[in-house]
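Here is the structure we will look at.
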Amino acid sequence: MSSQSTEQLTQAYIAAHRDPTNPVPAASLQALDAAGAMAVQGEVLRQLGETASVAKVAAPAGGLALAAPIIDSWVVKSGGTLKLDGRNLMGLEIEIAAVLKSDLTPDIAHQSKAAVLEAIDHFIVGIELIGTRIDQHKQAGPFGPLSDFMVTSGYVTGLQAIPTLPEVDGLPITLKTAAGTAQLGPAKHPFGGVLEPIIAYASAPFDHFGGLRAGMTITTGSLCALIEVPPTGTATLQLGDFDPVSLTLS
């Protein structure tokens, strides 16, 4: 991918971030490869003047392990409020994230799960907001959505520090909103477990934002289907007996 086309796509994303009614055309993203999408991510983050202390990883079966930043101005602690400011919201995901104690390098990732766990301080339950800056994200080619920060629109960090690797498959998931309470479980990790996508990506990272640094929170994939909620109001999600995580949208 040429630097010129990277810059053209970056400017299209910058315009979409500043004015959500001006999305990036899916057709302009269809030829992107993974490296090009990662380059666009990094440039958009830099030109927005944003930082990212939260990242998401994915490791689909038979596919390339990937990562994307979740920009700090879109991150709140449980109980906080996120202003969408016209930002697209398709729904919520409940996830397990790891908070890194030290940099997670390819060397550590290639050693053992025990070595990776040594680099993790603790785990949390979090809520990811899913939303896109692409007009038709399902028509944007295999890596178009990756260039769009892997269609993230924000994150809520849970307050409970979970000291050991949690087993999540089979746990109930409960949603509470003004409309009432709904049971969404049982939970099922999409990539085989919490550590698997972290290790897969850390083994061969190629992002442009330093996605596996000490102190970062690395979220690892939705434990259930996309959760639709109103664009305003308070939503609370609970996984098993872990502390609930809540956010108010405005």
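Observations
- Count of the range 81-100 residues, restricted to those that are of a type outside the set (A, V, I, L, M) and farther than 21 Å from Leu223 by Cβ, is 6.
- Candidates Ala98, Ala161: the one that is of a type in the set (Gly, Ala, Ser), at pLDDT 95 or above, touching a strand residue (DSSP E or B) at 6+ places or on another chain (Cβ under 7 Å) and crowded, with 22+ Cβ neighbours inside 10 Å is Ala98.
- Of the strands (runs of 3 or more DSSP E) lying entirely inside the range 149-250, the ones with 2 or more residues being under 18 Å from the mean Cα position of the chain (by Cα) and hydroxyl-bearing (Ser, Thr, Tyr) are found at 152-157, 217-222.
Results for (1) in contact with a Ser or Thr (Cβ under 8 Å, 6 or more places away or on another chain); (2) closer than 20 Å to Ala61 by Cα; (3) without any contact (Cβ under 8 Å) to a residue 24 or more places away in the chain, shown as yes or no for each residue.
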| site | (1), (2), (3) |
| --- | --- |
| Asp135 | no, no, no |
| Gln139 | no, no, no |
| Asp148 | yes, no, no |
| Thr152 | no, no, no |
| Leu165 | no, no, no |
| Gly170 | no, no, yes |
| Thr177 | yes, no, no |
| Thr181 | yes, no, yes |
| His189 | yes, yes, no |
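- Check on Pro142, under 19 Å from the mean Cα position of the chain (by Cα) and either of a type outside the set (Phe, Trp, Tyr) or under 18 Å from Ala98 (Cα atoms) (or both): yes
- Residues of the range 13-48 that turn out to be farther than 14 Å from Phe149 by Cα, assigned to a helix (DSSP H, G or I) and of a type outside the set (S, T, N, Q), as a count: 4
- Taken together, the residues in the range 186-202 that are out of contact with any helix residue (DSSP H, G or I) (no Cβ under 7 Å at 6 or more places or on another chain), of a type in the set (Gly, Ala, Ser) and crowded, with 17+ Cβ neighbours inside 10 Å amount to 3.
- Output for the range 128-148, where each listed residue is in a loop (DSSP other than H, G, I, E, B), farther than 20 Å from Asp85 by Cβ and open to solvent by 10 Å² or more (accessible area, probe 1.4 Å): Gln136, Gly141, Pro142, Phe143
- In the range 6-49, residue most open to solvent (accessible area, probe 1.4 Å) [restricted to those that are more than 18 Å from His137 (Cα to Cα) and touching a His at 6+ places or on another chain (Cβ under 9 Å)]: Arg46
- You will find that of Ala179, Ala214, the residue that is exposed (fewer than 15 other Cβ atoms within 10 Å of the Cβ) and either farther than 20 Å from Leu100 by Cβ or of a type in the set (Lys, Arg) (or both) is Ala179 and no other.
- Residue-level check: of (1) open to solvent by less than 30 Å² (accessible area, probe 1.4 Å); (2) closer than 25 Å to Gly62 by Cα; (3) of a type outside the set (A, V, I, L, M, F, W, C), Pro205 misses just (1).
- Residue list for the range 117-127, filter: open to solvent by 10 Å² or more (accessible area, probe 1.4 Å) and not aliphatic (A, V, I, L, M): Glu118, Asp121, His122
The values are calculated or read from the model by the stated rules, or taken from the named source; none is laboratory data. Everything numeric in this text was worked out from a predicted model, so none of it was measured. Note that we place each Cβ from the backbone using ideal geometry, even for glycine, and neighbour counts take in every protein chain shown. For the accessible areas, the whole protein counts, side chains as well, though only heavy atoms, and no ligand, DNA or RNA atoms are used. Shrake-Rupley method; radii C 1.70, N 1.55, O 1.52, S 1.80 Å.
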